[in-house]
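Trainee: Have a look at the structure that comes next, please.
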Amino acid sequence: MKNKKDKSKQPCRSMLYIPGDAPGMIQNACVFGSDSILLDLEDAIAPSEKDAARKLVRSFLDEFDFGELIVTVRINAADTVYFKKDLEEIVPADPDAIRLPKCDSAEDVRKADALITEIEKKNGMTPGGVKIHAMLETALGIENAFEVAKASPRVSAITLGGQDLTADLGVQKTRGGHELFYSRGRVVVGARAAGVMAFDTVWTDMNDPEGLYNEAKQIVELGFTGKAAIHPSQVDVIHKAYRPDYREYVRAKRILEAAALAEKEGKGVIAVDGKMVDGPIVARAARLVAIASLYDYEEEEGLSQ
Amino acid sequence: MKMTENALGRKVPLEVPGVGAFAPYAGPFATINALNPFSGAVHKVRTAQRGNKIAASIEEAVKKSGLENGMTISFHHHLRDGDAVMPAVLEVLQKMGFKDLTLAPSSIPDAHECIADYIKSGLISRLYTSGVRGRLGKLISSGEADIPVVIRSHGGRARAIEAGQISIDVAFLAAPACDKTGNMSGSSGPSACGSLGYAMTDARYAKHVVAVTDNLVEYPLAQNISIPQYEVDQVVVVDSLGDPNKIATGATRITRNPVDLRIAYNTFLLMKASGVVRPGYSFQMGSGGASLAVSIYLEEYMKNKNIVGAFGLGGITGHMSSMLEKGLFRTLFDVQSFDTAVTSSVASNPNHTEIDSSWYANPFNAGCLVNDLDCVILSALEVDVDFNVNVLVGNDGVLRGASGGHSDTAAGASLAIVVVPSFRGGICSIKDSVKSITTPGETVDAIVTERGILINPLRADLLESARKAKLPVVEIHDLKAKIEEMTGIPEPIAYDESKVAAVVEYRDGTLIDTIYRIK
């Protein structure tokens, strides 16, 4: 990828889907404010356009400067004729990650992993550079969430594919989303246990930003690190849901300050406002402050003065 | 044609044959500041028959008007693309054998391609307008329609009429509601269009005024008289003023184009950072694209902060009248209603005031409203590194736009923001030098794109506010270079600089630019 930087430490609250055959949108990918983009070669692309889209995405990866954006490419599933071609064309262009659909088991990941490694070697790339974001889109995949997440060091995220999953579960997607509650919990816990990111599925109704906000708020509270968007107008709504509460932000900063002080003074025990604070709480505070740094708290800071 | 160089380095003629002498542009306020009061147009005193002014047909009305070859006729463009009055009158004039007329409408709707034919036939020999589009633009830019064309802003046209540079002999004014004495309104009837702001100036200064209506109401017209009977000489009743579907365009929808929405959001952020969005502020925005979309963010912010603006101005959209309705602005001053969602507001909201074009934007009166604007959002076809704006000539060099109130509001408003996508049709919107200057860069405070905010170096204070608010400020040359890296740089348009297609008048009557024919 042109001017590629290490983006593995960047927050990835939003992933904007852009059809791989839409150059008019890809050229504007940087302006919508999403943390990452998903160039789609799978569902958004008709069979007759698969070859053209794959070549177009490759050209963009080679020629276009995506700046700070995390760039991932969703390829077609392993059971399609496009799978191998997609990897052979896209991996040499060194995207940040490949989004791998329909992962039901660790084995599915390992097969793709082996193929990617082979392509990387053939192209003189350092093996392991191109990450995998594994999509869990079936009941089986959800049950194997942790196994999939730790199937390879290449996996840096697991992500819930809501549309196929609800179909597999034999349920309808509701506005409240309670039918996905268990699956979402499973994905978050599996991801956290394996030390990878957890991404949530798309909100399909472009004309319902309120529904999107409620769902985004819910998945933030569940512990997802990011959510996919199908339209640029959804990006700001998702980011709004990720905005930490100002008081929590202030408290998290004080926890970090206290932790830094304790370390400096060689103390094993950290106390904030007379309460004991331990390791996981410090780690959570660090994550919260990292996310909060993306937002403007000028108004709240003005009020508190 | 004898040319001279104006203050922006553009070559402009000192005289346009068949039209008259012009001074070169000397700066946005040079002529205004130097102005000594002088007498303008002489108001013709006339008497009318008491009571009924009904003429049997357009032809009868033309005969009684005293129209002769070589004279000037005018129309308004409030019926938008639905207007059938201008084509109908021109057809009658053509049949009656007129020739060598000056056509001086407030603007020309896109649909009126027939004007091109009447130029070819010799009926029309001079054209004064706010802009030209479509086939007419092509004919003028190619030289196929070889007549003098003068382009004026809305405020500049009002000034030219009052100063006598446009001397209208007969104004044919479409009247959505009219009584037998000529009292007329734009806000009721089957062809209702809202404000008749541009027509008001014509009615006041034309030597003879013919109202054309499809809705003759019982005398007297009771409500919202836009133009009073004492300015109207004759009334003609026709079956229809035009296509009601194109007159009643419905509410303008806010764009879903994500690039435009990003521009709108950046614009809102700049407005907020500048401090202009405060209680009692005044505001004008455009009718489409990014400009209109600013209202989404503005409305939410004003509601949350309990900010009530003093007035909204200009071409008024349904979104502005809805903000009036919600109490977010105290007043609307409406020279032109952009969509029919506005019509009922004009008709029934006492704080929605119809204004004429002189009140709106004429720089040579005792105080036009654009001078009291705190902020205006304007669009552009292209801009240049000196912040000059072109809204008239397309990337192909062909006339395809209208000056409108662009230069008037930019000069008047404290904060003039131009919104434009950084590239369109694969061509960078930021040029070294715009193909034609409509609005001088000195009056443009910022240009907002989806890829960053460009601030005029003349506005160091605004730059500081934007930086402080951590807005995505970009240096204009840097963004231009970045975009051109993607798009490349197109070959310049080949003009025939010996042939003038149109001259562009600045609002003060000086010539700001010349548009040449394309080769």
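Trainee: Which residue out of B:312, B:327, B:288 is over 19 Å from the mean Cα position of the chain (by Cα) and away from chain A (no Cβ under 14 Å)? Write out each step before concluding.
Mentor: Details: B:312 fails: over 19 Å from the mean Cα position of the chain (by Cα); B:288 fails: over 19 Å from the mean Cα position of the chain (by Cα).
The unique qualifying residue is B:327.
Trainee: Any chance you could count how many residues in the stretch A:1-46 are within 14 Å of chain B (Cβ to nearest Cβ), surrounded by 17 or more Cβ atoms within 10 Å (Cβ to Cβ) and not in a loop (DSSP other than H, G, I, E, B)?
Mentor: Selection size over the stretch A:1-46: 11.
Trainee: Across the stretch B:211-264, what is the total count of residues that are among the β-branched types (Val, Ile, Thr), in a loop (DSSP other than H, G, I, E, B), under 18 Å from residue B:77 (Cα atoms) and modelled with pLDDT under 90?
Mentor: Total satisfying the criteria: 2.
Trainee: If you don't mind, there's one more thing I want to ask. Determine the pairs where a residue that is surrounded by 12 or more Cβ atoms within 10 Å (Cβ to Cβ), located within the stretch A:239-267, has a partner that is of a type in the set (Gly, Ala, Ser) with Cβ atoms under 6 Å apart, the partner being 6 or more residues away or on another chain.
Mentor: Listed by first residue and then by second, the contacts come to A:241/A:216; A:244/A:292; A:249/A:292; A:252/A:285; A:255/A:285; A:256/A:285.
Per-residue answers, yes or no, for (1) of a type in the set (Gly, Ala, Ser); (2) within 15 Å of the chain's Cα centre (by Cα):
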| residue | (1), (2) |
| --- | --- |
| A:46 | yes, no |
| A:69 | no, yes |
| A:83 | no, no |
| A:86 | no, no |
| A:89 | no, no |
| A:126 | no, no |
| A:148 | no, no |
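Trainee: Filter the stretch B:362-383 down to the residues that are over 20 Å from residue B:336 (Cα atoms) and crowded, with 21+ Cβ neighbours inside 10 Å and list them by number.
Mentor: Passing the criteria: B:364, B:382, B:383.
Trainee: Can you confirm whether the stretch B:484-495 contains a residue that is within 14 Å of chain A (Cβ to nearest Cβ) and over 26 Å from residue A:63 (Cα atoms)?
Mentor: As a first pass, look at the stretch B:484-495 and keep what is within 14 Å of chain A (Cβ to nearest Cβ): B:484-488.
This time we only want the ones that are over 26 Å from residue A:63 (Cα atoms), so: none.
Within the stretch B:484-495, not a single residue is within 14 Å of chain A (Cβ to nearest Cβ) and over 26 Å from residue A:63 (Cα atoms).
Trainee: If you don't mind, another one. In the list B:294, B:276, which residue meets the criterion of being part of a helix (DSSP H, G or I), more than 14 Å from chain A (Cβ to nearest Cβ) and at pLDDT 95 or above? Give the derivation first.
Mentor: Working: B:276 fails: part of a helix (DSSP H, G or I).
That would be B:294, the only listed residue that is part of a helix (DSSP H, G or I), more than 14 Å from chain A (Cβ to nearest Cβ) and at pLDDT 95 or above.
Trainee: Among all residue pairs at least 6 apart or on different chains, which show Cβ distances below 7 Å where the first residue, located in the stretch A:289-301, is within 13 Å of chain B (Cβ to nearest Cβ) and part of a loop (DSSP other than H, G, I, E, B) and the second is at pLDDT 85 or above and surrounded by 14 or more Cβ atoms within 10 Å (Cβ to Cβ)?
Mentor: Partner pairs satisfying both residue conditions: A:294/A:11; A:295/A:243; A:297/A:246; A:297/A:249.
Trainee: A further question on this structure: Which count do you get for residues in the stretch B:150-173 that are more than 16 Å from residue B:32 (Cβ to Cβ), part of a loop (DSSP other than H, G, I, E, B) and in contact with a His (Cβ under 8 Å, 6 or more places away or on another chain)?
Mentor: Number satisfying all stated conditions: 1.
Trainee: Here are some residues: B:110, B:100, B:81, B:146. Which one is among the charged types (D, E, K, R) and within 30 Å of residue B:42 (Cα to Cα)?
Mentor: That would be B:100, the only listed residue that is among the charged types (D, E, K, R) and within 30 Å of residue B:42 (Cα to Cα).
Trainee: Among the residues of the stretch B:150-173 satisfying the criterion of being hydrophobic (A, V, I, L, M, F, W, C) and over 16 Å from the mean Cα position of the chain (by Cα), which is nearest to residue B:15 (Cα to Cα)?
Mentor: B:166
Trainee: Then there is this: Would you point out which residue out of B:270, B:261, B:292 is in contact with a strand residue (DSSP E or B) (Cβ under 8 Å, 6 or more places away or on another chain) and buried (at least 19 other Cβ atoms within 10 Å of the Cβ)?
Mentor: Details: B:261 fails: in contact with a strand residue (DSSP E or B) (Cβ under 8 Å, 6 or more places away or on another chain); B:292 fails: in contact with a strand residue (DSSP E or B) (Cβ under 8 Å, 6 or more places away or on another chain).
Within the list B:270, B:261, B:292, the selection yields B:270.
Trainee: Taking residue A:63 as the residue in question, decide whether it is surrounded by fewer than 15 Cβ atoms within 10 Å (Cβ to Cβ) and in contact (Cβ under 8 Å) with a residue 24 or more places away in the chain. Break it down into steps so the answer makes sense when it comes.
Mentor: Values: surrounded by fewer than 15 Cβ atoms within 10 Å (Cβ to Cβ): yes; in contact (Cβ under 8 Å) with a residue 24 or more places away in the chain: yes.
Yes: the conditions hold for residue A:63.
The values are calculated or read from the model by the stated rules, or taken from the named source; none is laboratory data. Please read all numbers here as calculations on a predicted model, not as lab measurements. Ideal geometry is used to build each Cβ from the backbone, glycine not excepted, and the neighbour counts take in all protein chains shown.
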